[in-house]
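Okay, so here's the structure we're looking at.
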Amino acid sequence: MSAAMSRTPPGLPILPMLPITRPSIDEETIAAVGEVLRSGWITSGPKVQAFEAALSEICGGRPVRAFNSGTATLEVALRLAGVGPGDEVISTPLTWVATANVILEVGATPILVDIDPLTRNIDLEQLEAAITPRTRALLPVDLAGLPVDRDRLYAIAKRHRLRVVEDAAQSFGASWKGQAIGSIGDFVSFSFHANKNLTTGEGGALVLPADIDLGLCERRRLQGVKRAADGTMDVDVLGGKFNLTDLAAAVGLGQLRHLQEFTERRRALARRYFAAIEPALGLTLPAADFNDCNWHMFQPLLPLGSDRGAFIAAMKEEGIGVGVHYPPLHLFSLYRGLGFRAGQFPQAENVGARTVTLPLFPAMSDGDVDRVCAALNRTLKI
């Protein structure tokens, strides 16, 4: 039997493996990529400029610069915010490790605080309690596309005169009280990785506050180079190699045409999961937000004491992909070496030990959700 086919119970048809996510790329977008290839201009150029303009429109006219990853955007945002050695940045342990890695990359110290078990986002009360005279910035994460409470977050930042770098890698297309994520706030960092709601293959974007020099951002993005009209150049700051290509931007422009329908479909699929998952399974479901959340992921928690590895293997036998997002990063060797320890963030550790990511992407049918839920019933034995 092919590894891509499921081992479904006897009497049921063999179905293709259902992955946890799959990008939706239409033929018009594929053709647009071909046009870029034929144009002879495949690195950063007019498509990137058009993509940035389209992103700016979504973000309420705020300046936006495209990058080659959501990790690069976080790093550059911290540098633009003046964060460096001796500074502290407060964030969450329940996120992809890049969130904390960039704090180390700029020479600052990551200060982690536990999560709110209901939203699974950073606990804002604990965040404020962790602020010290060395705190320079706050770096919250919108886990699975559910926005952190922006009102409370920015009230804290204002009280303590701190910069905010929103890790909105997973929340492009989400909103806060009807306002698009990115249209309000300080620095806002998006990711357009292949698994995100909108993808450029690899890529990201940084929404910039009004007090930041756009030229400095662009130099930080591309090796610090400042070009003059006469062909001369200078380098006055250390920059990375973080520019997005026109090939990637062409994919992003094609994706933007479908953003609203992608988000609406994800919300519909999430609603179907809530309706179809049997309470008797003992799963803890995520917060049921169908207004602001973009449903980047659907993440129930397994019952206490479950063997997650056995569950993932059993679901794979059913032809259902299952992911884990995320192991708490403070338990990784790098961060243990910095003094973090098991038991330090019990809520994040509880979620990290029990979370599973079920398939959710716009091309899924209602029947696909039903198929996942039937496999859950068989795997968890109800």
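The values are calculated or read from the model by the stated rules, or taken from the named source; none is laboratory data. If you're wondering where the values come from, they're calculated on a predicted model, not measured in any experiment. Methodologically, a virtual Cβ is constructed for each residue, glycine included, from the backbone with ideal geometry; neighbour enumeration extends over all protein chains shown.
Tell me the residue from Ala280, Ala288, Ala275 that is out of contact with any Pro (no Cβ under 8 Å at 6 or more places or on another chain), more than 20 Å from Ser171 (Cα to Cα), outside the structural domain of Gly178 (by TED's automatic domain parsing) and free of Cβ contacts under 8 Å to residues at least 24 places away in the same chain, please.
On the way: Ala280 fails: free of Cβ contacts under 8 Å to residues at least 24 places away in the same chain; Ala288 fails: more than 20 Å from Ser171 (Cα to Cα).
So the residue among Ala280, Ala288, Ala275 that is out of contact with any Pro (no Cβ under 8 Å at 6 or more places or on another chain), more than 20 Å from Ser171 (Cα to Cα), outside the structural domain of Gly178 (by TED's automatic domain parsing) and free of Cβ contacts under 8 Å to residues at least 24 places away in the same chain is Ala275.
If you check Ser191, Ser175, Ser171, which single one turns out to be surrounded by fewer than 20 Cβ atoms within 10 Å (Cβ to Cβ), in contact (Cβ under 8 Å) with a residue 40 or more places away in the chain and among the hydroxyl-bearing types (Ser, Thr, Tyr)? Give the steps one after another, and end with the answer.
Working: Ser191 fails: surrounded by fewer than 20 Cβ atoms within 10 Å (Cβ to Cβ); Ser171 fails: surrounded by fewer than 20 Cβ atoms within 10 Å (Cβ to Cβ).
Criteria check complete, one pass: Ser175.
Mind listing whichever residues of the range 18-68 are over 15 Å from Leu206 (Cβ atoms), more than 19 Å from the chain's Cα centre (by Cα) and of a type in the set (Ser, Thr, Tyr)?
Thr29, Ser39, Thr43
Could you check how many residues of the range 183-200 are of a type outside the set (Asp, Glu) and more than 18 Å from Arg221 (Cβ to Cβ)? Walk me through how you get there before you give the answer.
Here is the first cut: in the range 183-200, the residues of a type outside the set (Asp, Glu) are 183-185, 187-200.
From what's left, more than 18 Å from Arg221 (Cβ to Cβ): 183-185, 194-199.
The total comes to 9.
Output the number of residues of the range 1-38 satisfying the condition of being among the basic types (Lys, Arg), assigned to a loop (DSSP other than H, G, I, E, B) and modelled with pLDDT of 95 or more.
Step one: filter the range 1-38 for residues among the basic types (Lys, Arg), giving 7, 22, 38.
If we keep only those that are assigned to a loop (DSSP other than H, G, I, E, B) too, we end up with 7, 22.
Filter once more, keeping what is modelled with pLDDT of 95 or more: 22.
Looking only at that region, the number is 1.
Would you check if there is a residue in the range 156-164 being in the same structural domain as Val64 (by TED's automatic domain parsing), crowded, with 24+ Cβ neighbours inside 10 Å and either within 19 Å of Asn291 (Cβ to Cβ) or not small (Gly, Ala, Ser) (or both)?
There is no residue in the range 156-164 that is in the same structural domain as Val64 (by TED's automatic domain parsing), crowded, with 24+ Cβ neighbours inside 10 Å and either within 19 Å of Asn291 (Cβ to Cβ) or not small (Gly, Ala, Ser) (or both).
Can you name the residue in the range 336-382 that is aliphatic (A, V, I, L, M) and within 22 Å of the chain's Cα centre (by Cα) and is also nearest to Trp295 (Cα to Cα) among such residues? Working first, answer last.
Just the residues of the range 336-382 that are aliphatic (A, V, I, L, M), to begin with: 338, 342, 348, 351, 353, 356, 358, 360, 363-364, 369, 372, 374-376, 380, 382.
Restricting the remaining residues to those that are within 22 Å of the chain's Cα centre (by Cα) gives 348, 351, 353, 356, 358, 360, 363-364.
Working: Ala348: 20, Val351: 18, Ala353: 21, Val356: 14, Leu358: 12, Leu360: 8, Ala363: 14, Met364: 13 Å.
The selected residue is Leu360.
Anything in the range 90-143 that is of a type in the set (Gly, Ala, Ser), more than 20 Å from Lys158 (Cα to Cα) and surrounded by fewer than 18 Cβ atoms within 10 Å (Cβ to Cβ)? List them, or say none.
Filtering the range 90-143 down to residues of a type in the set (Gly, Ala, Ser) leaves 91, 98, 100, 107-108, 129-130, 137.
Subset that is more than 20 Å from Lys158 (Cα to Cα): 98, 100, 107-108.
Gly107 - this is the single residue of the range 90-143 that is of a type in the set (Gly, Ala, Ser), more than 20 Å from Lys158 (Cα to Cα) and surrounded by fewer than 18 Cβ atoms within 10 Å (Cβ to Cβ).
Can you confirm whether the range 246-267 contains a residue that is in contact (Cβ under 8 Å) with a residue 60 or more places away in the chain, assigned to a strand (DSSP E or B) and surrounded by fewer than 24 Cβ atoms within 10 Å (Cβ to Cβ)?
The answer is no, given that none of the residues of the range 246-267 is in contact (Cβ under 8 Å) with a residue 60 or more places away in the chain, assigned to a strand (DSSP E or B) and surrounded by fewer than 24 Cβ atoms within 10 Å (Cβ to Cβ).
Quick test of your reading of the structure: Thr263 fulfils all but one of (1) more than 19 Å from the chain's Cα centre (by Cα); (2) outside the structural domain of Thr99 (by TED's automatic domain parsing). Name the failing condition by number.
Condition (1) is where Thr263 drops out.
Taking the options Ala348, Ala314, name whichever one is under 18 Å from Thr92 (Cα atoms) and part of a helix (DSSP H, G or I). Break it down stepwise before answering.
Values: Ala314 fails: under 18 Å from Thr92 (Cα atoms).
Result: Ala348 is the single residue among Ala348, Ala314 that is under 18 Å from Thr92 (Cα atoms) and part of a helix (DSSP H, G or I).
List the number of the failed condition for Phe345; all other conditions in (1) surrounded by fewer than 21 Cβ atoms within 10 Å (Cβ to Cβ); (2) farther than 30 Å from Ala268 by Cβ; (3) hydrophobic (A, V, I, L, M, F, W, C); (4) in contact (Cβ under 8 Å) with a residue 12 or more places away in the chain hold.
With (1) surrounded by fewer than 21 Cβ atoms within 10 Å (Cβ to Cβ); (2) farther than 30 Å from Ala268 by Cβ; (3) hydrophobic (A, V, I, L, M, F, W, C); (4) in contact (Cβ under 8 Å) with a residue 12 or more places away in the chain applied to Phe345, the lone miss is (1).
Report every pair of residues separated by at least 6 positions or lying on different chains whose Cβ atoms are under 8 Å apart, first residue within the range 353-382 and on the phi < 0 side of the Ramachandran plot and in the same structural domain as Arg308 (by TED's automatic domain parsing), second of a type in the set (A, V, I, L, M, F, W, C) and at pLDDT below 95.
Arg371/Leu15
For every residue, the table says whether it meets (1) surrounded by fewer than 18 Cβ atoms within 10 Å (Cβ to Cβ); (2) more than 16 Å from Leu247 (Cα to Cα).
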{"site": "Glu28", "(1), (2)": "yes, no"}
{"site": "Glu35", "(1), (2)": "yes, no"}
{"site": "Ile42", "(1), (2)": "yes, no"}
{"site": "Val64", "(1), (2)": "no, yes"}
{"site": "Phe67", "(1), (2)": "no, no"}
{"site": "Gly70", "(1), (2)": "no, yes"}
{"site": "Glu75", "(1), (2)": "no, yes"}
{"site": "Leu78", "(1), (2)": "no, yes"}
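For residues in the range 207-229 being of a type outside the set (D, E, K, R) and outside any loop (DSSP other than H, G, I, E, B), which is surrounded by the fewest Cβ atoms within 10 Å (Cβ to Cβ)? Break it down into steps so the answer makes sense when it comes.
Looking only at the range 207-229, we keep the residues that are of a type outside the set (D, E, K, R), and these are 207-210, 212, 214-217, 222-225, 228-229.
From the residues that got through so far, the ones that are outside any loop (DSSP other than H, G, I, E, B) too are 207, 214-217, 222, 225.
Numbers: Val207: 27, Leu214: 11, Gly215: 9, Leu216: 18, Cys217: 20, Leu222: 14, Val225: 14.
Among residues in the range 207-229 that are of a type outside the set (D, E, K, R) and outside any loop (DSSP other than H, G, I, E, B), the one surrounded by the fewest Cβ atoms within 10 Å (Cβ to Cβ) is Gly215.
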